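The block underneath contains the structure these notes are about, expressed in structure tokens.
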């Protein structure tokens, strides 16, 4: 089995993890792939179809990672907006209660 075939096997494992909704498991397999690729010799003509399959699977993985990053960004923004609104509400309520106390 060639190095590229081994990388393809890992890419397929990553793809299966994505289908199960386990993005973290798919990402965890990037390190073993990187280690394997660091000792992989230059590609030969016979490796082209295997490399093309790896690249196709990698596009799916990169899309899933990108989508998760956007979700995290949106969650973070929503949290900040909520904190700002809550903080603003607290200041207004305090000013109103002080105004009411001043009238009493």
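Observations on the model:
- Of all residue pairs spaced 6 or more apart or on separate chains, those with beta-carbon atoms under 8 Å, a first member in segment 47-66 that is surrounded by 15 or more Cβ atoms within 10 Å (Cβ to Cβ) and a second member that is outside any helix (DSSP H, G or I) are 47/2; 50/2.
- Only helices (runs of 4 or more DSSP H) whose full extent lies in segment 1-46 are considered here, and the ones with at least 3 residues that are more than 17 Å from the chain's Cα centre (by Cα) are 3-19, 30-38.
The numbers here are math on the coordinates, done by the rules we state, and not lab data. Treat the numbers as computed from the prediction; the structure is a model and nothing was measured. In this analysis, Cβ positions are derived from the backbone assuming ideal geometry, glycine residues included, and neighbour counts consider all displayed protein chains.
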